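Remarks on the structure that follows.
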Amino acid sequence: KGQIPPELSKLTRLRTLRLNDNRLTGTIPPPLYKSLTDLDALNLAGNKLTGKILPEITQWKKSLRELYLERNQFTGTIPENIGILRKLEELYLNENKFTGTIPPDLGQCDDLKELSLYNNLLTGELPYELSKLSEMMYFYADNNTLTGTIPKWIGDFSNLEDLRLFKNKFTGQIPKSIGDLQNLQMLYLDSNELRGPIPETIGNCPKLREVHLFKNHLEGSIPDSLYGLNKLEILYLDNNDLVGSIPSDGLEKLSNLQFLYLNENRFTGDIPSLKYLQKLKKLHLFKNKFSGKIHGNQIIKLNQLEVLYLDNNQLTSTLPAEIGEMQNLLRLRVDSNKLEGTLPDSISRLTSLQDLEVSFNQMTGTIPPEYASLTALKILSLSDNGLTGSLGLNMKKMKDLEVLKLHENSFTGAVDSSICKLVQDSKLNELTADCFDSKPVKCDCCTQCY
């Protein structure tokens, strides 16, 4: 801790200075700029350094290749003359408080491979001069307030592996030139104001492992070429205006997918075949217009699945018994559909299940007594169906239950005392039933009677 001693400037032959991840405060001592002209690598990351980067940074032009100043509290603008550091290969300025625009002069750093500017207060557009950085492999400019369009010249970064421009204010369309990035593995363009279609050329990036395009205004259907990206592990297209159906065998080549988020769009048609996605851990399809049935012979193959959100669609038929074979399932939401039939007994085998939401369907029959073994449940939502029978289910082992919704059904009788005990123990904080006035359920502990 303390300040960087200016006496370090006496080490005039110093090539490497690493003081990262300490508790240093104050500014970079001006003598260091003038005296350490042989510096090859400077790492001051992860401290509490303040102040501006002085224009005298140009004194390091002779040999500086690595400059790590991230995770500090530097302010002011990035020096306009920073491009004079022609040998710079790695520049990390992220997680500071830099303001102003990205200096066009950075385009003079011909050898720059890694540029990290994320989590600052930068504004303006991406300067055209950056297009000269043909060696660029990692470009991070997310979490700023950058504007304008994502330029076509981004496709000139032929060595680029990781592009992160999310959480800015970029507008316009995703350029077709994105398909020229054949080494690209990570694409993060989410949380902007992008419009138009996902370009078909995205299929020309065969190494893509992660695609994050959520929270934009993207339109049209998913391009067929995207279904051929067989290295994809993460595909986030949620919160857009995408339409159309997904081909029944469209996901066949995406066997490496672990996270698939298509929620909050306007997709229609049947849920596509899922039997190929045996590595899938989370599937979000909620708030679309999917129809048809949930195919038990397909979901039974998703033995790694932890989260299945199918709510707020137009699904019909029954809840398949095969769901009980998904032993890793933690959360199941199928509420707000048109499902019929009874609650499958097999769900009781999901001993790790924490969230079961089946409300707003047309389910009938009783609550299977085997559900008392779902001791990990935190949310059980069965409201707004046609369920019948008594509410004498003993839930004393459901010690983690926080929400139990039973209202708008045809239950009768008294709520079991084990449920009221959970309310008294202050764990179960939302308990609803049809217990208002002369309704058929008696409940002295409900938090709300309907």
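One decimal place: the segment N256-Q327 gains 23.6 nm when fully extended, by the rule 0.36 nm per residue minus the C-alpha distance. For segment 176-293, list log₁₀ I(q)/I(0) at each q in 0.13, 0.17 Å⁻¹, using the Debye formula over Cα point scatterers of equal strength and ignoring solvent, two decimals each. Each listed q corresponds, in turn, to -0.44, -0.79. Please report, as a whole percent, how much of the solvent-accessible surface of the chain comes from carbon and sulfur atoms (probe radius 1.4 Å). Exposed carbon and sulfur together represent 45 percent of the surface.
Kirkwood Rh, Cα Rg: Rg to Rh for segment 293-335? Don't jump to the answer; show the numbers that get you there.
Working: Rg = 9.9 Å, Rh = 10.6 Å.
In segment 293-335, Rg relative to Rh is 0.93.
Calculated from the alpha-carbon coordinates, segment 269-362 shows an Rg and a Dmax of 11.9, 32 Å respectively. With protein chains left intact and a 1.4 Å probe, residues in segment 368-450 average 47 Å² of accessible area per residue. When cysteine pairs in the chain are screened for C-beta atoms closer than 4.7 angstrom, the residues that find no partner are C109, C205. Within segment 243-349, the trypsin sites (Lys or Arg not before Pro) that combine a DSSP coil assignment with at most 14 other C-beta atoms in a 10 angstrom radius are K293, K338. Using the Cβ of N256 as centre and a radius below 13 Å, the other residues enclosed give a net charge of +3, where K and R count +1 and D and E count -1. Taking only the alpha carbons of segment 193-237, we obtain Rg and Dmax values of 10.2, 28 Å in that order. Normalised by 2.2 N^0.38 Å, with N the number of residues, the alpha-carbon radius of gyration of segment 397-450 equals 1.04. Measuring nothing but how far apart in sequence close Cα pairs (under 8 Å, 6+ apart) lie, relative to its length, segment 191-330 scores a relative contact order of 17 percent. Segment 77-131 and segment 162-206 have their alpha-carbon centroids 20 Å apart. Comparing K439, K113, K176 in a Gaussian network model of the chain, where Cα atoms under 10 Å apart are tied by springs, the biggest mean-square fluctuation is seen for K439. Within the listed set N143, N337, N394, the residue fluctuating most in the Gaussian network model of the chain (springs between alpha-carbon atoms under 10 angstrom) is N394. With a simple spin-label model that places each label point 7 Å from the Cα along the Cα-to-Cβ direction, the separation between N81 and Q3 comes to 2.4 nm. The per residue volume of the convex hull around the alpha-carbon atoms of the chain is 158 Å³.
Over all distinct Cα-Cα pairs of segment 239-287, the Kirkwood formula returns a hydrodynamic radius of 11.2 Å.
I need the shape label for segment 340-450. Rule: rounded when a/c is under 1.5, else prolate if a/b > b/c, else oblate, with a, b, c from the alpha carbon gyration tensor. Since a/c reaches 1.5 but b/c is at least a/b, the shape of segment 340-450 is classed as oblate.
Can you tell me the length gained on complete extension of the stretch T147 to T12, counting 0.36 nm per residue apart and subtracting the Cα distance?
Values: separation 135, 0.36 × 135 = 48.60 nm, distance 4.23 nm.
Contour length minus the Cα-Cα distance gives 44.4 nm.
Using label points projected 7 Å from each Cα along Cα→Cβ, tell me how many nm separate S438 and D111, to one decimal. So the two model labels end up 8.9 nm from each other.
Mean silhouette area of segment 64-188, derived from the convex hull of its C-alpha atoms and averaged over all directions, reads 6.5 nm².
Calculate the length of the line joining the C-alpha centroid of segment 377-450 to that of segment 300-315, in whole Å. Value for the Cα centre distance between the two parts: 26 Å. Taking 22 Å as the straight-line reach from the Cα of K34, the lysines in range (excluding those fewer than 8 positions away in the same chain) are K10, K52, K61, K62, K87. Measuring from a point 7 Å past the Cα of N429 along Cα-to-C-beta, which residues in segment 388-403 have an amide N at less than 13 Å? Only 401-403 pass the distance filter. For segment 1-122, what class follows from the C-alpha gyration tensor (a ≥ b ≥ c being the square roots of its eigenvalues): rounded when a/c is under 1.5, otherwise prolate if a/b is larger than b/c, else oblate? Oblate, since a/c reaches 1.5 and b/c is not below a/b. Highest mobility in the GNM of the chain, judged by mean-square fluctuation with C-alpha springs under 10 Å and restricted to D434, D345, D270, is found for D345.
Take the Cβ atoms of S352 and Q73, set R0 to 45 Å, and the FRET efficiency comes out at 0.55. In this simple spin-label model, placing a label point 7 Å from the Cα along the Cα-to-Cβ direction at both S418 and T99 gives a separation of 6.2 nm.
The calculated pair-distance distribution of segment 358-406 uses every alpha carbon pair, bins of 10 angstrom beginning at 0, and gives 26, 57, 17 percent. Ellipticity at 222 nm from helices only: DSSP H runs of n ≥ 4 in the chain, each -39500 (n - 2.57), divided by the residue count, give -1000 deg cm²/dmol.
The values are calculated or read from the model by the stated rules, or taken from the named source; none is laboratory data. Owing to the predicted nature of the structure, the values given are computational and were not obtained by experimental measurement. As a convention, Cβ positions derive from the backbone with ideal geometry for all residues, glycine included, and neighbour counts pool all protein chains shown. Note: areas computed on protein heavy atoms with side chains; ligands, DNA, RNA excluded. Shrake-Rupley method; radii C 1.70, N 1.55, O 1.52, S 1.80 Å.
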